[in-house]
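Chemist: The structure follows.
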Amino acid sequence: MPPFTGHDEVAHFSYIRTVATEHRLPKIPDLAAWRVLQEQNDSAGARATGDFFDSDLYAYSDWVLDWWHPQPEDPLFGVYTARNPVYAVNYLNEAFPSGWQYAANHPPLFYVISTPVYWATDGMSLVNQMRLLRMIAIPFGLLAVIGTYLIARTLFPGSGFITITATAFVALQTQISYEAAMINNDILVVGFAAMLIALLLIGMRDRFPWRITIAIGVLFGLMLLSKGTSVVFAGTIALMMITGLGWKNWRAWLPKGVATAGIGFLMASPWYIYLYRTYDNFSALPQIKKLQYLWTYQHSARPNVWKLLWNERFAVNRWNETWGEFGWRKIPLTHTLLWIIAIPSVISLIGLIVYTVKLIRTRKRPRVAGSVAAPVSWQVWGMIGLFATALLGYAAVIQFGLNFALTQARYFFPMIAPAAVLLMVGLREITPARGRGYVQVGVITGLVALNLYIFAAYVIPYWYSIDTLQKYVWN
């Protein structure tokens, strides 16, 4: 992909630059203070109320939220350039900052990890430096693949079908690969989440020895330091720990649950203290909501949960973002292709329902440890934990959409590993035993073909079209 065209890459790069060059965390502008100074025509003072993107990044403002820039057909095209970027706009007779640092509410782990690479590449061109910084994401993408493998092998050690197909699904899922090759903090959570769930399943199998409990707490802390939405995994940890140890056995799960939460939140406590001292809350989302005038419901009615849950357009848009819409929704997939992807997914989901019904009907039959057809109790509760995690992920997408019109499918991506395993359980159930080897090869071949087709039919033609190139070099 061309430089800085991943979602929020400019914002994430700017965050790294602030940490690396100024040895501090960036700050979201104070809207009230900014407006006072803007009315006084004190542009430099207004920008000092928070952090703004540097002018050398203005060439990429087409892929940045809330950084206004004229299009080639605009009379102002050529007036605003890297030497004269836009830092203030008027919207509905109100002044708003433009080109402000909207990623400043993210925890610092990814940016601290990236800082040594920034230092080492500081003498390079901006584009080459960005390309090397993108490579930081790759190990965490691989971690998601390894975590998926461990989830499947722990839950069903005798099923090569589930292990291979689920792992391949995560490795070759187009948006996960995209996340794992750009400057972003989301991929840390995707990788850490897969490993966390793998550890939770191992804990359920082994009755949560203290070494596993401590490791879960540390991973949870790393997730909280990667992205604030990771807090939803507290519910997954609680569910799987309580069911794994037995909900009546509170003397076992209570101290281990407290230890897990204590380790995680203690690791993240400096970040939360910083948030509260800086913004008087633990998320900075109220500040972002005030500033993102185009993406909130400040001047229109907010939707409710049921409206989003049953909204066809909302669901189709999220499905499109799950597989396409690369470069900040610049490359949507056709409905035909989305249906081609959806059909095997729906078949797998039907298989999962059939599998669930069979488990309920045969619940009194003898169980075999590690079996898919007759799983023991901890395996059943493990699958319930995976399903609950997937539901939490989609609930997070909906919850964000209640406040921001810019909710995105990628808020579900940390749940990709459990979702993949469950889908492949369903696919295995609906596939005759003699045909599973062929279906296994078909899943991998189909995913490879899908990637090649999307690149050939969508990605490459878009980026190398004349119109896009003209916009790309507009400054």
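Chemist: Among the residues of the range 389-442, which ones are in a loop (DSSP other than H, G, I, E, B) and surrounded by fewer than 19 Cβ atoms within 10 Å (Cβ to Cβ)?
Modeler: Correct list: 402, 403, 405, 406, 432.
Chemist: Further, regarding this structure: Any idea how many residues of the range 220-240 are part of a helix (DSSP H, G or I), buried (at least 23 other Cβ atoms within 10 Å of the Cβ) and hydrophobic (A, V, I, L, M, F, W, C)?
Modeler: 6
Chemist: What is the residue count in the range 198-218 for residues that are surrounded by 23 or more Cβ atoms within 10 Å (Cβ to Cβ) and either free of Cβ contacts under 8 Å to residues at least 40 places away in the same chain or of a type in the set (Val, Ile, Thr) (or both)?
Modeler: Number satisfying all stated conditions: 2.
Chemist: What pairs come up if the first residue lies in the range 344-372 and is without any contact (Cβ under 8 Å) to a residue 40 or more places away in the chain and within 20 Å of residue 158 (Cβ to Cβ), the second is in a helix (DSSP H, G or I) and hydroxyl-bearing (Ser, Thr, Tyr), and their beta carbons are under 8 Å apart, counting only those six or more places apart or on different chains?
Modeler: Matching pairs, first to second residue: 367/377.
Chemist: Here are 445, 468: which of them is among the hydroxyl-bearing types (Ser, Thr, Tyr), assigned to a helix (DSSP H, G or I) and either at pLDDT 95 or above or closer than 20 Å to residue 383 by Cβ (or both)?
Modeler: Among 445, 468, only 445 is among the hydroxyl-bearing types (Ser, Thr, Tyr), assigned to a helix (DSSP H, G or I) and either at pLDDT 95 or above or closer than 20 Å to residue 383 by Cβ (or both).
Chemist: Moving on to the next point. Could you grab me the full set of residues in the range 4-25 that are under 16 Å from residue 55 (Cβ atoms) and either assigned to a helix (DSSP H, G or I) or not hydrophobic (A, V, I, L, M, F, W, C) (or both)? Talk me through it step by step, then tell me what you get.
Modeler: Going residue by residue through the range 4-25, those that are under 16 Å from residue 55 (Cβ atoms) are 4, 10-11, 13-14, 17-18, 21.
Matches in the range 4-25: 10, 11, 13, 14, 17, 18, 21.
Chemist: Of the conditions (1) over 30 Å from residue 458 (Cβ atoms); (2) modelled with pLDDT under 95; (3) in contact with a Pro (Cβ under 9 Å, 6 or more places away or on another chain); (4) of a type in the set (Val, Ile, Thr), residue 197 satisfies every one except a single condition; which number is it?
Modeler: Unmet for residue 197, out of (1) over 30 Å from residue 458 (Cβ atoms); (2) modelled with pLDDT under 95; (3) in contact with a Pro (Cβ under 9 Å, 6 or more places away or on another chain); (4) of a type in the set (Val, Ile, Thr): (2).
Chemist: Further, regarding this structure: In the set 183, 187, 162, 151, which member is surrounded by 24 or more Cβ atoms within 10 Å (Cβ to Cβ), outside any helix (DSSP H, G or I) and among the hydrophobic types (A, V, I, L, M, F, W, C)?
Modeler: Step by step, each of 183, 187, 162, 151 is checked, and only 183 is surrounded by 24 or more Cβ atoms within 10 Å (Cβ to Cβ), outside any helix (DSSP H, G or I) and among the hydrophobic types (A, V, I, L, M, F, W, C).
Chemist: Is it the case that the range 290-302 has a residue that's part of a helix (DSSP H, G or I), out of contact with any helix residue (DSSP H, G or I) (no Cβ under 7 Å at 6 or more places or on another chain) and farther than 30 Å from residue 376 by Cα?
Modeler: No, the range 290-302 contains no residue that is part of a helix (DSSP H, G or I), out of contact with any helix residue (DSSP H, G or I) (no Cβ under 7 Å at 6 or more places or on another chain) and farther than 30 Å from residue 376 by Cα.
The values are calculated or read from the model by the stated rules, or taken from the named source; none is laboratory data. Quick caveat, the model's predicted, so the values are computed rather than measured. Here the Cβ is made from the backbone with ideal geometry for all residues, glycine too, and neighbour counts use every protein chain on show.
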